[in-house]
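Enquirer: I'd like to ask some things about the structure below.
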Amino acid sequence: MSFLEQIEERPGAAELRAASYRVLGLKRGASCVDVACGAGYAVAELARKGLKVTGVDADPAAVEAARLRAPGAMFHVAHSADLPLEDESMDGYRALRLFHLLEDPVPTIAEAHRVLRPGGRIVVGGQDYGFLLIDSSDQDLTDVICLGLESRAVSPRATRTLRDVLLDAGFQDVEVSVHSQVVTEHQQMAPQLKAAAGAAVEKALITQQDADSWLGEQSRRGRRDRFLAVVPTLLVGARR
Ligand SMILES: C[S@@+](CC[C@H](N)C(=O)[O-])C[C@H]1O[C@@H](n2cnc3c(N)ncnc32)[C@H](O)[C@@H]1O
């Protein structure tokens, strides 16, 4: 399974997608674009709900995988700030887990505003990397390691700015909701924990010894059923 498929198969991912569809509130026959569609899970589900869905991703390999998952949908390889779609042509716009990858969300939201018809619905969001809870006997060290995880993203705290960005772009009725995933299986988070600790060492925030001892404690917690992480995702919905 590819990385993009793994994130859509994680526990809680299907519920999060369903929550994003509720924020959109689109009826059968409506048009919707899923930007940064990744492996196409949302495109396929929205198409099954009777929507006319277009998937867009900057990565041709992602679009290929998505096309297999949703053969009836339309796809484009394109950047979120330059969509090959007509002005005011869409009833719905969805982009999840994209904004931490962008230097600046403003051109992408301006493009969403351009392609949505007046009254059309938008849902954007993702994980805010400054907003992650991991239980540990050394919480200060954990906070520094979380900074390591943040350092791996272009804009780790972009999601919290989306309400502002939508309002500034002229969207109305902007609403923010939080969907938290509670993880008690250490295995499920182990790759991210290792990546975070590795990044913190790379950034000279901690020593390799600190990283090893922290990772060791997290594994022991996992073996004793004492692992706990809470990963919140923000969804921001609005009307054009
Ligand atoms: C973390 S994945 C998220 C996929 C899916 N939206 C989800 O929630 O699981 C990020 C996706 O965004 C795509 N991407 C990154 N920057 C992009 C951009 N500027 N425009 C369009 N797609 C982009 C990547 O190729 C990747 O498929």
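Please treat every number below as a calculation from the coordinates, not as lab data. Predicted, not measured: the structure shown is a model, and the values here were computed from it. Note that we place each Cβ from the backbone using ideal geometry, even for glycine, and neighbour counts take in every protein chain shown.
Enquirer: Checking the cross-link filter: which lysines have an alpha carbon closer than 19 Å to that of residue 203, excluding same-chain neighbours under 8 positions apart?
Expert: Here the lysines satisfying the reach criterion relative to residue 203 are 194.
Enquirer: Taking the Cβ-Cβ separation of residue 6 and residue 182 as r and a Förster radius of 25 Å, what is the calculated FRET efficiency to the nearest 0.05?
Expert: It comes to 0.85.
Enquirer: Could you line up 155, 2 from fewest to most neighbouring Cβ atoms inside 10 Å?
Expert: So the ranking, lowest neighbour count to highest, is 2, 155.
Enquirer: Please arrange 41, 93, 21 by counting, for each residue, the other beta carbons lying within 10 Å of its beta carbon, fewest first.
Expert: Going from least to most buried by this count: 21, 41, 93.
Enquirer: If I model the chain as equal point scatterers sitting on the Cα atoms and use the Debye formula, what is log10 I(q)/I(0) at q = 0.14 Å⁻¹?
Expert: For the chain, the Cα-only Debye profile gives -0.90.
Enquirer: By how many nm would the segment from residue 13 to residue 208 lengthen if fully extended, with 0.36 nm per residue of separation less the alpha-carbon distance?
Expert: Length gained, residue 13 through residue 208: 66.9 nm.
Enquirer: When the label point is put 7 Å from the Cα of residue 155 along its Cα-to-beta-carbon vector, which residues of region 4-43 have a backbone N closer than 16 Å?
Expert: Counting only backbone N, you get 35-36.
Enquirer: With charges set only on the Cβ (+1 for Lys and Arg, -1 for Asp and Glu), what does the dipole of region 3-239 come to about its Cα centre, in debye to the nearest 20?
Expert: Result for region 3-239 is approximately 880 debye, rounded to the nearest 20.
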